[in-house]
Amino acid sequence: MMPLSTDLAKAFYYPHARSFVRVYRKRCDLADAPIGKPETSYYVSGLAGAYASREAFAHYIRGHWGIENRNHYVRSPG
């Protein structure tokens, strides 16, 4: 997590931005075998201080993907 300067926040057209996060992900199956290529995601946030810790961002990002996965889950017809 990096604090974001006011000038950079304006460049993002997000004047209330306070922090910037880079997340590096590697997907694995249940046997820890790699699936696909690693990917990097970037997040810009208005959070600052204790709300913008690494642990807090990990919690928020995992929570978001949990919701996404539940919304897009499709059952096998078999």
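Quick notes on this one:
- Residue list for segment 3-35, restricted to those being in a strand (DSSP E or B) and either at pLDDT 75 or above or aromatic (Phe, Trp, Tyr) (or both): SER19, PHE20, VAL21, ARG22, VAL23, TYR24, ARG25, LYS26, ARG27, CYS28, PRO34, ILE35
- Assessment of segment 49-64 against the conditions (among the acidic types (Asp, Glu), out of contact with any Gly (no Cβ under 6 Å at 6 or more places or on another chain), modelled with pLDDT of 70 or more and surrounded by 10 or more Cβ atoms within 10 Å (Cβ to Cβ)) yields no matching residue.
- Within segment 36-43, not a single residue is over 17 Å from HIS64 (Cβ atoms), among the hydroxyl-bearing types (Ser, Thr, Tyr) and outside any helix (DSSP H, G or I).
- For segment 26-44, taking the residues that are surrounded by 10 or more Cβ atoms within 10 Å (Cβ to Cβ) and under 10 Å from the mean Cα position of the chain (by Cα), the one that is farthest from ASP7 (Cα to Cα) is identified as SER41.
- A search for C-beta distances below 9 Å between a residue of segment 21-34 that is at negative phi and any residue that is among the acidic types (Asp, Glu), counting only pairs 6+ apart in sequence or on different chains, returns VAL23/GLU39; TYR24/GLU39; ARG25/GLU39; LYS26/GLU39; ARG27/GLU39.
- Residues that are in contact with a Ser or Thr (Cβ under 6 Å, 6 or more places away or on another chain) and assigned to a helix (DSSP H, G or I) within segment 44-61 comprise just one, ALA52.
The values are calculated or read from the model by the stated rules, or taken from the named source; none is laboratory data. The shown structure was predicted, so the numbers you read here are calculated from the model rather than taken from an experiment. For neighbour counting, all protein chains shown are included, and Cβ atoms are generated from backbone atoms with ideal geometry for every residue, glycine included.
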